[in-house]
Structures are given as C-alpha cells and as structure tokens.
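Note sheet for the following structure.
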Amino acid sequence: MKSVKLIVHGGAGDISSDTLGIYQKNLKEIWQSGYNLLKEGWDSLSVVEKVISLIEDTGVFDAGTGSFPNKEGYIEMDASIMTSDGRAGAVGGVRTIRNPIRLARLVMEETSHVMLVGEGAERFAEQFNLPPLTPRESPYSISTDTVGAVAMDKRGLISAGTSTGGIRGKIPGRIGDSPIIGAGTYASFWGGISSTGFGEDIIKFGLAKKIDILLRQFPAQMAVDMVVEESKYRGIEFGVIVLDRLGNTGVGYTAKAMAWYPR
Ligand code: ASP
C-alpha cells in the first residue's frame, strides 16, 4: 500500500503578495479535502478531477467560472487529464461547461479519442448533463492563470490534470498548452506533471514530456531544477508541479511568483 500524495497549483505570474495569500488559502482548503479523499481510498483520477472542479468553481483562478474572456469578450476553456497507466483526455475551446476537467475525463473514458474541441466537444457533453458555466468576474484584481493537480493514490496510480481559461485577450480559437498532452499535462510510470505559464512557449519547449523523460533518472525536484535552468537561456515563462513515482514532489517556476500547496 502506497502512502498517498497530492499537490495542487493555482498558476504562475506577476502575483502580488496579498493576492498570493488569497490563492494559497483557497488552495490549502481544497488540497485538504482532496487529501482526505485519497486517505479514504479514492483513486487519484477521481481526486484530481474533484480537486480541479472545486478550484474551477471558486471563481478566483483563471479556470472554470473565473476564466479570462478572450479578445471578443467570451470564455473559451481548455483542460486535460492523464493517468500513469497511459490514459488521457482533453478538451479545448469549450464555452458552456462549468467544469472542463470533468469533460476531459469523459473524453478519456467514453471515447476512443484524446482531445475534442469547440462545438464537437460541446455536443459530446450534452449527453452527460454537466452543469453549465455561470461566469463570474473574479473578486480580485488578478494576473494569474491556470490551475492543476497531481496525485498518487493507495494503489500507486498517479494522475495529473490541468484546467485554464487561457491567456487574457487571446484570439478566439486559440488553444494553449493546458490541454496538450506532453506540454500542459503528462503522467507515466515515472510520475505526473501539471504546467502553467505562457502556453505558446510551453508547447514549443515540450515542458511536461521533457520533465517526464528526466524523471527516469532524477527525482522530481532535480528534474524541475534542470528544466528551469535550461529555460533560462530561452526566456520561457512557466511554473510546474511534479510528483515522481516514489512520491517525491518538485515545484519550480521562472515567472515572478507561483501559487501551490503544500509548500
Ligand atoms: N498556460 C495557459 C495557457 O497558455 C495559461 C497559463 O497558465 O497562464 O493557456
């Protein structure tokens, strides 16, 4: 029986210390409820889905109800989820679903595909009676982003997930790194990863898969430190949380600040 692990993040960016405090409080409460579920025996996939759904519902982060609108003033959200036994699902550009992470899991479990986007994703969602999005402007003046979680359950299954409203003022139809398996999210025998930051750079850098490869030789924090070091030469802005197969966590960011828990 493995000891359970959970790590969550609430984005990286130019976050003031007051705002960071608010993020940390929200993340801590949600982390505690997710951790309790893992101890009760929930599988890591369900816990990652649950925890990210709760964060999407806070309206405080750029995900779910708190998502930034695009350039034309409406919300388009991306999310993905993956397990260490090789299952993955993702959605891109969804507009009407309250919890894109739940839809990502349904794509994984109910289709033979990995990603559905836009209208097709919305039509697929119709059969599941998912709650609709009720957008809420964040009560805080924020410049943060994406949320994510990585968990290991009692059986040793690792799951990772990421959810976002994308970058503020994006062109309609733009998809960031968050739903891209190997960029925003990855999980394998070696561990699980959830990223945040400037999606275009993260996709080109192949951030999550790059860390996954390093996890074959190095513990989580060392793998994170290595990509942080490499990214310095390329000016890439990101933050990342990692859990390796032995239960070690790693956190790193090149942005000004990052919200995560436990810290
Ligand atoms: N990575 C997300 C995106 O580019 C946004 C973020 O994490 O800030 O869509």
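The values are calculated or read from the model by the stated rules, or taken from the named source; none is laboratory data. This structure is a prediction, so every number in the text was calculated from the model and none was measured. Neighbour counts are summed over all protein chains in view; Cβ atoms, including those assigned to glycine, are modelled from backbone coordinates with ideal geometry. Calculation scope for accessible area: heavy atoms of the full protein, side chains included, ligands and nucleic acids excluded. Shrake-Rupley method; radii C 1.70, N 1.55, O 1.52, S 1.80 Å.
Brief remarks follow.
- Selection within the stretch 176-206 - open to solvent by 20 Å² or more (accessible area, probe 1.4 Å), within 12 Å of the ligand (Cβ to nearest atom) and more than 14 Å from VAL227 (Cβ to Cβ): ILE180, PHE198, GLU200, ILE203
- The strands (runs of 3 or more DSSP E) located wholly in the stretch 59-175 that include 1 or more residues which are within 20 Å of ILE30 (Cα to Cα), modelled with pLDDT of 95 or more and within 13 Å of the ligand (Cβ to nearest atom) occupy 77-83, 147-152, 158-164.
- Scan the stretch 18-37 for residues that are open to solvent by 70 Å² or more (accessible area, probe 1.4 Å) and free of Cβ contacts under 8 Å to residues at least 24 places away in the same chain and the total you get is 4.
Quick grid of which residues meet (1) closer than 30 Å to LEU215 by Cα; (2) free of Cβ contacts under 8 Å to residues at least 24 places away in the same chain; (3) surrounded by 14 or more Cβ atoms within 10 Å (Cβ to Cβ):
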| residue | (1), (2), (3) |
| --- | --- |
| PHE124 | no, yes, yes |
| LEU130 | no, no, yes |
| ARG155 | yes, no, no |
| THR164 | yes, no, yes |
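- Residues located in the stretch 207-257, provided they are closer than 23 Å to ALA151 by Cβ, in a loop (DSSP other than H, G, I, E, B) and open to solvent by less than 20 Å² (accessible area, probe 1.4 Å): LEU215, GLY247
- Filtered residues of the stretch 8-47 (kept if in contact with a Ser or Thr (Cβ under 6 Å, 6 or more places away or on another chain) and more than 16 Å from the ligand (Cβ to nearest atom)): ASN26, SER44, LEU45
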